[in-house]
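These notes are about the structure you will find just below.
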Amino acid sequence: LFWVGFVGFWTFMAAQGSILFAMFSIPFWLVGFGMLTGLINSISETQTLKLSRTKLTLKKDRPIRPKTYEISIRDIQSIKMKNLKMNNPFSMFGNFKLMFKMQKSFGMGGIEMPAIITGAKTEYFFEDANDAEQEWVTSTLDNIIKRMKN
């Protein structure tokens, strides 16, 4: 909120001189709205895992861009704690719990998150859970998946 307020004030003051000078603030507005979106999602997101005989469904309910992933049981290689790879460095802006966890693990090899690993991709989940909950859910799900495959 501070960022958006400051950019708003700066844009207003710049517009008093020249509209072209005020247009310089557009990228800062985009970053601000990205941070606001992340904050809103981080505060209100809930995640649900649903396991059936044939697929695992991960549902991330949030106000902006909710996501649902359906993964076939036979495509799952493992479910385990894995180092988080940040493909988009701006994706961490609004996830304040991840930022706190990154600060705690600074210099210790990165952040480990629960991950569903398939041949095609890795899907991270339960980012907001504490370390003990994350360890429990990954070991439990991995054992269940292994039993279902046999």
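The values are calculated or read from the model by the stated rules, or taken from the named source; none is laboratory data. These numbers were taken from a predicted model, which means no experiment stands behind them. Here the Cβ is made from the backbone with ideal geometry for all residues, glycine too, and neighbour counts use every protein chain on show. Each accessible area value is taken on the protein alone, full model and side chains, heavy atoms only, with ligands, DNA and RNA left out. Shrake-Rupley method; radii C 1.70, N 1.55, O 1.52, S 1.80 Å.
Things worth noting here:
- Among residues of the range 35-55 that are in contact (Cβ under 8 Å) with a residue 24 or more places away in the chain, those with a Cβ under 7 angstrom from a residue that is open to solvent by 70 Å² or more (accessible area, probe 1.4 Å) and assigned to a helix (DSSP H, G or I), sequence gap 6+ or separate chain, pair up as MET35/TRP3; SER42/PHE96; SER42/LYS97.
- Which listed residue, of LEU30, LEU51, LEU39, LEU56, is of a type in the set (A, V, I, L, M), at pLDDT 90 or above, open to solvent by 50 Å² or more (accessible area, probe 1.4 Å) and within 23 Å of ASN130 (Cα to Cα): LEU51
- Entry remark, the range 38-70: residues being assigned to a loop (DSSP other than H, G, I, E, B) and not acidic (Asp, Glu) number 8 in total.
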